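Written below as C-alpha cells is the structure these notes are about.
Since every read-out is calculated from the coordinates, none of them should be taken as a lab result. All figures in this text were calculated on a predicted structure; none of them were measured in a lab. Note that we place each Cβ from the backbone using ideal geometry, even for glycine, and neighbour counts take in every protein chain shown.
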Amino acid sequence: MLFSRWQATHSRFRHAPALFEGGRSLSFGDLAGRLSALPVARAPVIARGGAADIAVAVLQGWRDGQAVLPLEIAPPLPELPARFPDGTVHLKLTPGIEGKPRAVFFSAEQIAADADRLVAAMGLCPGVPNLAAISLTHSYGFSSIVLPLLLHGVPVHAVEVPFPKVMADAIDAHDAVVIPAVPSMWRAWHRAGFLRQEKIALAVSAGAPLSLELEHAVHEGCGLKLHNFYGASECGGISFDASDAPRTRAADLGTPLAGVAVTLDGSGRFHVASSSVALGYEAARDGEVLGDGGFLTQDHGRIEGGHLMLESSGADSINVAGRKIGPAKVEAALMATGLLEKARVFGVPSHDPERVEEITALVKLKSGTLEQLRQRMSGILEGWEMPRHWIADADEISWARPRADLKRRWPRR
C-alpha cells in the first residue's frame, strides 16, 4: 500500500525536485534510482543519516516488506522486539523503563492516515517545499516532512544546522516555504530578524508549549502567524490552530484535526480516537490505553467551544525544548558509571518558557567527585540529554519528592 503510493508519487513527479540537501537538488527520479541500487532488505530497516538517506531507507523498507525504524545517527542500535504485531510496517521509540526505549508499532494505514491528515489540515502542496530544520527521525518531523514527500510529492529543503544565516539562505532559495519547528527555534530566528511573512507560507510550532509572548512578538514583528500544533508519537496529529490571528490563551491547542475525535476520560485526560492511533506498545504499563483506534494521553485539559485546552501534562518524560527524554535513561547511564549509590533524575521548569524544562540529577556518590561524574557523563549522553542541575545527596532534598523540596529551596524556579 505504501510502496504503491510512492510509485504513484514517483510517476507523477519523476522530474520534479524532491530534495535540496548539501547544495544539491535530487529529483523524485533520483530517489528512485538510489532505491534501485539497494539490495533486498531481509530485516527491519534502520532509517538514519541525511534527508536523502532517510527517505531512501524508508522506501527500501516499504519495497521489501520490512518494518522501518527512523533513528538518529548518534544513538546505538536498540534491541528490537523479537516479534512485531501483525501488520507492523513502522516503529517509533518512546521512553521506557530502566533506561531502555520501547517500541510503538504502526500499520501502513495508520501512518498514511496521519500524513494525509496533516497535508490536508496544513495545506501542504508539491509547489511549496517543507524546510526541514527539525529531526526527520522524530515523530513530528517524520510525519510532517518525510511522509508528505514520499506520499504526496511535497519537496524538502534539508537544513544541516538551524543557524540564522543558513535558514535565511534556504528560505531565499524558494518563492515560498513551509517551516515546521519548535518554539525555541522560532524565538532564536525571530531575534535574528530574518523571518519574512511573504516568504513563509506556513509557520508551524510543536513539540513544546508555544507561549503567547513569543507568538504575539513574531506576529507583531513580521506579520507571521505561528500555528500551534499538538500531537503525540502514539497517534500522530491531534489538533491544529488554523486561525490567522494570534491566540489569546496559552492553553489553546486548536481544534481536533478532521477524523480525530477527542474526549475527556474520568481523570480529565485527553482520549484520542482516530485512524492513525498505533497498534500498541512493546510493553504496556498498567493504566495505559493504546490500540484499537484509541489512545489515552498523559495530558490533562478541557474542551471549550471545540478547542482543546491544555491544563497540565502528567507525562513521565522530560521536555527539553521540544525533545523528550525518559528520566530512566539518564538514571541508568549515571548508575553505569559505578560512582553512585543511587540517582534520581527529573525535570524542573525552566526560566526560559521555550526551553520548557531542565534536567536535574539528584545523586548519592559512592566514590569520586561530582565533577568527575559530570565529565564521564559528557562522553555518554548527548549534549541536550545532560543534566543542567546536579545535586549531591542533600538532607533537605527528599528522594521521594525532590521537585517539591527544590521549589522551597529555589523559590523562583
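Things to note:
- Calculated FRET efficiency for the pair Ala392/His271, C-beta based, R₀ 60 Å, to 0.05: 0.90
- Alpha-carbon centroids, the stretch 1-45 and the stretch 138-206: separation in whole Å: 21 Å
- Computed [θ] at 222 nm, deg cm²/dmol, the chain (DSSP H ≥ 4; -39,500 (n - 2.57); rounded to nearest 500): -8000 deg cm²/dmol
- Lysine pair number, Cα distance threshold 25 Å (strictly under), the stretch 2-313, separation 8 or more or different chains: 4
- Within the same chain, aspartates and glutamates fewer than 8 places from Lys364 are excluded, and of the rest, those with a Cα less than 13 Å from its Cα are Glu331, Glu341, Asp393, Asp395.
- Anisotropy class of the stretch 67-186 from Cα gyration tensor, a/c 1.5 cut: oblate
- Likely footprinting exposure, Ile200, Ile54, fewest C-beta neighbours within 10 Å first: Ile200, Ile54
- Remark: relative contact order (the stretch 2-313) = 14 percent; criterion is Cα-Cα distance under 8 angstrom and separation of 6 or more residues.
- Counting beta carbons within 10 Å around each of His90, His227 and listing the fewest first gives the order His227, His90.
- In this simple spin-label model, placing a label point 7 Å from the Cα along the Cα-to-Cβ direction at both Ala192 and Arg24 gives a separation of 2.5 nm.
- Taking every DSSP beta bridge that has both ends in the chain, the antiparallel portion is near 70%.
- Which of Thr248, Thr137 has the fewest Cβ neighbours within 10 Å, and the rest in rising order: Thr248, Thr137
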